[in-house]
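J.: Have a look at this one.
The values are calculated or read from the model by the stated rules, or taken from the named source; none is laboratory data. Everything numeric in this text was worked out from a predicted model, so none of it was measured. Glycine gets a Cβ as well: all are built from the backbone with ideal geometry, and neighbour counts include every protein chain shown. Heads up: the accessible areas ignore ligands, DNA and RNA and are worked out on the full protein's heavy atoms, side chains in. Shrake-Rupley method; radii C 1.70, N 1.55, O 1.52, S 1.80 Å.
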Amino acid sequence: MVFAISSLSFAGSWGKDSNGWYYLNDDGTYATSGWQWIDGNNDGTAECYCFDAEGYLYTNTMIDDAKVDSNGAWIQDGVVKTKNTPKSDNSILHQSINSNSSSNNNSITGRLQPGTYYLKSGYCDWSIAYDSNHIERGRTNLDENKYEYIILSGNENKLNFEFYDATVYNGYVTSHPLKMKGTFTRKSDGTYSISNTYGNAYDRNASYYGDPEFNIDSISNITGDSFVIHNHWEGDGGYDTYWTMVKE
């Protein structure tokens, strides 16, 4: 049996939507159209997984004469095939993200650091319910955008944040609207509680005009110079957006 396997990955994250599981690499791309070794829990051992052209994981099936189990891992004679890998220097805990979650809980091992972080990559899984029989679903990828950024100030145990999304017209930045501000507070278990504060654009008594549809629901995959923001919004269906923010 011969099949091509791409490079090792241990700095990405798993996700799941209504179509199945997928894997977001650390460079913001998705695992697609083939096999990939992934050390999903950073224990120094990687398993091999296969993804279709849309980036979804194959499970309980045969691909190229190879068998994958219910978790999508390549097995031979009922045993999961593994490969020893170097552990990530940052010891990131890669978590499976429930795309319908709006919890402020997050599983992390890193510590947030003050600084300015810009959008490196991301995606939005969305669904629009036109009626009970017509629900449209899809994914929109987010490109790198240094005009969309978050400023953290304070210390690693308590940081104030301000999230900006600049308005660009004809190639020029015309304004830097503040979408959201609040506080990240590190708890004893290493996770961060999140306090969001925003101003309603229709409330003239608000201290600033924020985005009432935008809240930071969770943060994950924290390293010394990056982290992932998750926002869930119901709207006319459901929207789950993930921003990978990288320090300037």
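J.: Leaving ligands and nucleic acids out of the surface, order Thr82, Thr185 by accessible area at 1.4 Å, largest first.
T.: From most exposed to least exposed: Thr82, Thr185.
J.: Multiply the residue separation of Asn157 and His176 by 0.36 nm, subtract the distance between their alpha-carbon atoms, and state the gained length in nm to one decimal.
T.: Here the segment from Asn157 to His176 would lengthen by 4.1 nm.
J.: Label-point separation (nm) for Asn145 and Thr59, each offset 7 Å from Cα along Cα-to-Cβ?
T.: 3.2
J.: Which cross-chain or sequence-distant (5 or more) residues have an amide H under 5 Å from the amide H of Gly40, H modelled 1.01 Å from N in plane?
T.: Glu47
J.: Would you mind calculating the gained length between Gln113 and Thr32 on full extension (0.36 nm times residue separation, minus the Cα-Cα distance), in nm to one decimal?
T.: Once the chain is fully extended between Gln113 and Thr32, it gains 25.9 nm.
J.: Can I ask one more? What accessible area, in Å² to the nearest ten, does a 1.4 Å probe give for Asp26?
T.: Roll a 1.4 Å probe over it and Asp26 shows about 100 Å².
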